1. Only residues that are assigned to a loop (DSSP other than H, G, I, E, B) and under 16 Å from Glu133 (Cα atoms): list them for segment 21-46, please.
2. Give the residue, chosen from Glu329, Glu358, that is acidic (Asp, Glu), in contact (Cβ under 8 Å) with a residue 24 or more places away in the chain, open to solvent by 40 Å² or more (accessible area, probe 1.4 Å) and more than 11 Å from the ligand (Cβ to nearest atom).
3. Among the helices (runs of 4 or more DSSP H) confined wholly to segment 403-460, which include 2 or more residues that are touching a residue at least 60 places away in the same chain (Cβ under 8 Å) and open to solvent by less than 30 Å² (accessible area, probe 1.4 Å)?
4. Restricting to segment 288-325, and then to whatever is touching a Lys or Arg at 6+ places or on another chain (Cβ under 9 Å) and away from the ligand (no atom under 13 Å from the Cβ), can you tell me which residue is most open to solvent (accessible area, probe 1.4 Å)?
5. Kindly provide the set of residues from segment 289-339 that are modelled with pLDDT of 95 or more, on the phi > 0 side of the Ramachandran plot and of a type outside the set (A, V, I, L, M), ordered by number.
6. Restricting to segment 217-234, count the residues that are within 21 Å of Tyr190 (Cα to Cα) and assigned to a strand (DSSP E or B).
7. Please enumerate the residues belonging to segment 143-171 that are open to solvent by less than 20 Å² (accessible area, probe 1.4 Å), of a type outside the set (A, V, I, L, M, F, W, C) and within 9 Å of the ligand (Cβ to nearest atom).
8. Filter segment 113-125 down to residues that are in a strand (DSSP E or B) and within 23 Å of Pro302 (Cα to Cα), then give me how many there are.
Amino acid sequence: MERFKVGILGGGPGGYVCALRAAQLGLSVVLVEGERLGGTCLNRGCIPTKALVKSAEVWRELKHAEEFGISLGDKSFDFEKIMSRKDRVVNTLVGGIEQLVKAGKIQVIKGWGEVKEPGKIEVETESGRVSVEVDELVLATGSVPARLPIPGSDYPGVVTSDEILEMKTLPERLVIIGGGVIGLEFASIYQEFGVKVTVVEMLPALLANIDEEIPKRLTPLLKRSGMEIMTKTMVKEIKQGEGGGLLVVVEDAKGIKEIPADQVLLSTGRKPYLRGVDVEALGLKTERGAVLVNPQMQTSVPKVYAIGDVTGGMMLAHVASMQGMVAAEHIAGHPVEMRYRAIPSAIFTYPEIATVGETEQAIKTSGRSYKVSKFPFSANGKALALGETIGLVKILADEQGTVLGASIMGPQASSLIQELVLAVEKGLKGDELARTIHAHPTLPEAVMEAAHGILEKPLHLA
Ligand SMILES: Cc1cc2nc3c(=O)[nH]c(=O)nc-3n(C[C@H](O)[C@H](O)[C@H](O)COP(=O)(O)OP(=O)(O)OC[C@H]3O[C@@H](n4cnc5c(N)ncnc54)[C@H](O)[C@@H]3O)c2cc1C
């Protein structure tokens, strides 16, 4: 039986990054993956959705071309070609990861792995069962969509993000159950392509967990674009309507209502996936299905680490990858630990949203005094030139001006947030950001202006 220093179960952004880092550090690595390398993120998550977000953006810009003085003849899109482009983007990236893993001399075993004891992985491959011995095991098995037990959710036409990404045609009417990040990203994409989108959310607001001001500002914008948003609304069941469609039965304060749909997207969160992992035999401690870990990503069982979505918490690709780095480095003997203070979160709606650090409601609840500064994109020259003036940069700081958190809604929010991630991570003060020269005319100047406003005032705002 072959023996490796590190054995990783699952080749998503947690597992493959862990493998690459461990190999860089000179450790022998075996990586077991049941499907394609890249996991949810590359194959069914971050990357395919962002390829679709880009197609939606191109279509939006074409629709608004006249505003920029450009006249076009007949405009149209071909959804099948949009989906083919998405597949090409995914295939290119997966191919790239395969090359990287090969170059790192990482042994990849294709097949579903099983773990019953810490030092051994058994894999069901196309050519039979294979066993490998490992000194250190890393569980990186990810997550799957959580399907709520809604009656009728097994009807054809009721899909999760996994299936909707495989559709070649657009429905006329899409009901999205769940107003979280994944639901709203699909809502924005489908809305742009002319689908009648209804979002049903049980909670009082969309996008729970982020700064409350952002969903308050986003919701009317989505409604203005034609989307129907129903908050404080419970889905009771899904029925088959006459003539082949679906009816989503919902209840709010006003009573019961039936929403007709051709497709229903269940986006009610994700749950850790422990396929092939014998939790009991290993003696793994879990909480609500997630594997418990310490800051070095060690589980309750010696020589067993867990990283990424399977550990619950913030289910984000970049968190999984950093956890993978930490696990690999800890195995190699480095004194490392995972820090969660400055984790960016990007939401690819239109307008785009990104956040980091503490929210205003959390700071308020804790009773600490704080400063808040906001700068609107309508006062930023580059945003005006881009025709993207909706939204703002909001920065929260303590009394001394140290940045505690930030939210951005507007153009390129997901890229702009990085300056504020660095600020939160390094405990920078607002004036350190404000006195760093920012190129003109650029969107980051909006961050600089908001930073000016922490202890003084933005310059370009009356
Ligand atoms: C629609 C959607 C959009 C998203 N967009 C973003 C985004 O924009 N940004 C972001 O940061 N995050 C996004 N995410 C979340 C992101 O995809 C996950 O956080 C990330 O993929 C988690 O990485 P992971 O390595 O922990 O698990 P996964 O990516 O789920 O990978 C786990 C891998 O393990 C394999 N596996 C499981 N069990 C076994 C076994 N027994 N044997 C062999 N292989 C096994 C699986 O096949 C899978 O490939 C999105 C998710 C979805 C669904």
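The values are calculated or read from the model by the stated rules, or taken from the named source; none is laboratory data. As the structure is a prediction and not an experimental result, all values here were calculated from the model. Cβ coordinates were reconstructed from backbone atoms using ideal geometry, including for glycine residues, and neighbour counts include every protein chain displayed. These area figures cover heavy atoms from the full protein model, side chains too; ligands, DNA and RNA do not enter into them. Shrake-Rupley method; radii C 1.70, N 1.55, O 1.52, S 1.80 Å.
1. Leu27, Ser28
2. So the residue among Glu329, Glu358 that is acidic (Asp, Glu), in contact (Cβ under 8 Å) with a residue 24 or more places away in the chain, open to solvent by 40 Å² or more (accessible area, probe 1.4 Å) and more than 11 Å from the ligand (Cβ to nearest atom) is Glu358.
3. Numbers: elements: 413-426, 430-434, 444-455.
So the answer is 413-426, 444-455.
4. Looking at residues that are touching a Lys or Arg at 6+ places or on another chain (Cβ under 9 Å) and away from the ligand (no atom under 13 Å from the Cβ), I get Arg288.
5. Gly289, Lys303, Gly308, Gly312, Gly333
6. Going through segment 217-234, the residues within 21 Å of Tyr190 (Cα to Cα) turn out to be 217-231.
Filter again for assigned to a strand (DSSP E or B), leaving 228-230.
Final tally of qualifying residues: 3.
7. Hits for segment 143-171 are Ser143, Thr160, Ser161.
8. Residues meeting the conditions: 9.
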